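To start, the structure itself, in structure tokens.
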Amino acid sequence: MEKFVQIKKIIILSILLLFEGVVFAQTPSVVQHIRIPLWAELDAYPELEDAQNLEAGPFDYPIKSIKEVAPFLISGMVYGWNFIYTPSDIQRGIEEYLEIEEIVPASSLAPGIKYVSPWIQEDKFNCWCEYTRNKSQIRTYNLWSSIKNPVIQGVGYGDLKKGFPGLKDAAYDALKNAVREYYRAIIKNKPKEITGSVLIRDIPTIGISSGRYIFNLDFFLECGKIIEYSVY
């Protein structure tokens, strides 16, 4: 009887391991192969310069927009961004401020991005944007994903009518909110300035609500310096 129970346990364990392997195989890996679904509105807004070009093809604007967005996001996923953040301080008359710099320019990754399987849905031009990391870039991601770097998350908003600049504003707003909430929980007194770096951890989530982009982003955070106000 005891031998039968042991055999039964081995069979169940084998089934679970097999099932786990199937699930893992079906889960896309952002470590080696990045695959982002991106879209752009088919109807350009009259405020945008491209919308006034009557000779432009029907898909010229959405294609141009996607080819601006993809390198920007993939650069944030492959190399990341440096930031300088200043919290607001009403008593000192200081407004909240965030400065961001790409660690590696997005334009350098553009030639390696593939745009595949386009489709039209709900007045949007959609396609998959694919990028394969090289061995050095995989090592970079694995270094970022070490337990030493905390994971932070933020939601940001940007003006839909601005096109790519509005989407970029939404991404930076998400980063600002993520940095603010993380440091607010660990710092008692507002600092003068916070520096650090982030790497986009997973596939971004982009939506629209009330004429605004909604950007949901997860980051690995590499903490830099925390500069306090001088005490007089």
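Structure summary
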read-out: Qualifying position, being touching a Leu at 6+ places or on another chain (Cβ under 9 Å) and either in a helix (DSSP H, G or I) or at pLDDT 70 or above (or both), among I74, I12, I7, I63; value: I74
read-out: Residue that is within 20 Å of N189 (Cβ to Cβ) and more than 16 Å from the chain's Cα centre (by Cα), where the choices are P87, P118; value: P87
read-out: Wholly within region 136-232, strands (runs of 3 or more DSSP E) carrying at least 1 residues that are closer than 30 Å to G93 by Cα; value: 151-159, 193-200, 212-227
read-out: Top-ranked residue in region 91-110 [being among the acidic types (D, E) and touching a residue at least 12 places away in the same chain (Cβ under 8 Å); ranked as most open to solvent (accessible area, probe 1.4 Å)]; value: E101
read-out: Condition check for S88: more than 20 Å from K124 (Cβ to Cβ), surrounded by 12 or more Cβ atoms within 10 Å (Cβ to Cβ), modelled with pLDDT under 95 and of a type in the set (S, T, N, Q); value: yes
read-out: Residue selected from region 59-78 under the condition over 14 Å from the mean Cα position of the chain (by Cα) and closer than 16 Å to I34 by Cα, by the criterion surrounded by the most Cβ atoms within 10 Å (Cβ to Cβ); value: I66
read-out: Sole residue being loosely packed, with under 10 Cβ neighbours inside 10 Å and at pLDDT below 95, chosen from L54, L48; value: L54
read-out: Enumeration of residues in region 188-207 that are open to solvent by less than 30 Å² (accessible area, probe 1.4 Å) and either aliphatic (A, V, I, L, M) or at pLDDT 95 or above (or both); value: I194, G196, S197, V198, L199, I200
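Quick grid of which residues meet (1) out of contact with any strand residue (DSSP E or B) (no Cβ under 8 Å at 6 or more places or on another chain); (2) open to solvent by 40 Å² or more (accessible area, probe 1.4 Å); (3) within 24 Å of V69 (Cβ to Cβ):
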residue	(1), (2), (3)
Q153	no, yes, yes
G166	no, no, yes
D169	no, yes, yes
A185	yes, yes, no
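Residue by residue, here is whether (1) of a type in the set (K, R); (2) within 25 Å of P37 (Cβ to Cβ) holds:
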{"site": "V151", "(1), (2)": "no, yes"}
{"site": "G154", "(1), (2)": "no, yes"}
{"site": "L167", "(1), (2)": "no, yes"}
{"site": "R184", "(1), (2)": "yes, no"}
{"site": "K190", "(1), (2)": "yes, no"}
{"site": "C223", "(1), (2)": "no, no"}
{"site": "Y229", "(1), (2)": "no, no"}
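The values are calculated or read from the model by the stated rules, or taken from the named source; none is laboratory data. Computed from a prediction, not measured in an experiment: that's the story for all the values here. Virtual Cβ from ideal backbone geometry, glycine too; neighbours counted across all protein chains shown. Only protein heavy atoms, including side chains, enter the accessible area calculation; ligands, DNA and RNA are left aside. Shrake-Rupley method; radii C 1.70, N 1.55, O 1.52, S 1.80 Å.
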